[in-house]
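Student: Mind looking over this structure? Questions follow.
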Amino acid sequence: MGILLIYIFVIALIGLIIWRKMKKKNKPIKKNGLGILAPIFFILIAFSLSLSQLMHIPGQPFHLPPYWEMLIAGVLGVIFGLIMLSQTDYEVREDGFIYSKPNKNFKYVIIAIIFIRMALSQYFKGLDSIDFTVLTMTLAFIYIVIWRVGSYLKFRKLNGDNYSVNAG
């Protein structure tokens with residue numbers, strides 16, 4: 001029953017991500033694009049609260065996973081982040097505003113990444129729960145930071161080009 005709830009949650013999460021992406025595709029990116037970076041701060045807050053809870057589990061001392069496991073989580077995070085970044089692009093439309101460029105493959109990429117993370121989660125269930133949680137959070141944080149910072153830089157580059165075109 002518990003695994004069914006996890007799958008329902010994951011399907012709902014995928015649906016929410018796709019729905020938000022579809023809803024935002026017809027709206028320009030507001031102001032200076034700082035909203036692109038907002039998920040980094042939300043994730044940072046959520047992960048810091050989670051780590052705080054992990055540090056205070058009665059009867060279980062907190063410890064970080066071995067460095068090589070953290071390195072593998074980091075490398076996977078970089079790979080996932082670069083894949084997501086490659087699928088994210090922006091365009092200036094005729095009204096002069098910058099929009100997220102539609103990408104037919106984005107929904108398949110996000111679904112694949114979520115399923116790969118789920119498969120890795122099932123594979124590494126034998127790890128200590130603290131190790132597993134820290135590794136999962138490390139992977140997720142790194143790929144979200146790479147994806148969002150890279151997307152913001154793409155937006156700023158296009159925004160700078162747009163200003164120079166409009167100024168002349």
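The values are calculated or read from the model by the stated rules, or taken from the named source; none is laboratory data. Not measured: the values here are computed from a predicted model. All Cβ positions, glycine included, derive from the backbone under ideal geometry; neighbour counts span all protein chains shown. Areas reflect the complete protein model, heavy atoms only, side chains present, ligands, DNA and RNA absent. Shrake-Rupley method; radii C 1.70, N 1.55, O 1.52, S 1.80 Å.
Student: For the stretch 55-105, give me the residue count where each residue is of a type outside the set (Ser, Thr, Tyr) and under 13 Å from the mean Cα position of the chain (by Cα). Break it down stepwise before answering.
Tutor: First pass over the stretch 55-105, keeping only residues of a type outside the set (Ser, Thr, Tyr): 55-66, 68-85, 87, 89, 91-98, 101-105.
The next check asks that each one be under 13 Å from the mean Cα position of the chain (by Cα); those that pass are 76-85, 87.
Matching residues across the stretch 55-105 total 11.
Student: For the stretch 17-37, name all the residues that are open to solvent by less than 100 Å² (accessible area, probe 1.4 Å) and charged (D, E, K, R).
Tutor: LYS21, LYS25
Student: What pairs come up if the first residue lies in the stretch 76-104 and is farther than 23 Å from SER121 by Cβ, the second is open to solvent by 40 Å² or more (accessible area, probe 1.4 Å) and part of a strand (DSSP E or B), and their beta carbons are under 7 Å apart, counting only those six or more places apart or on different chains?
Tutor: Note: pairs meeting the criteria are ILE98/VAL92; TYR99/GLU91; LYS101/GLU91.
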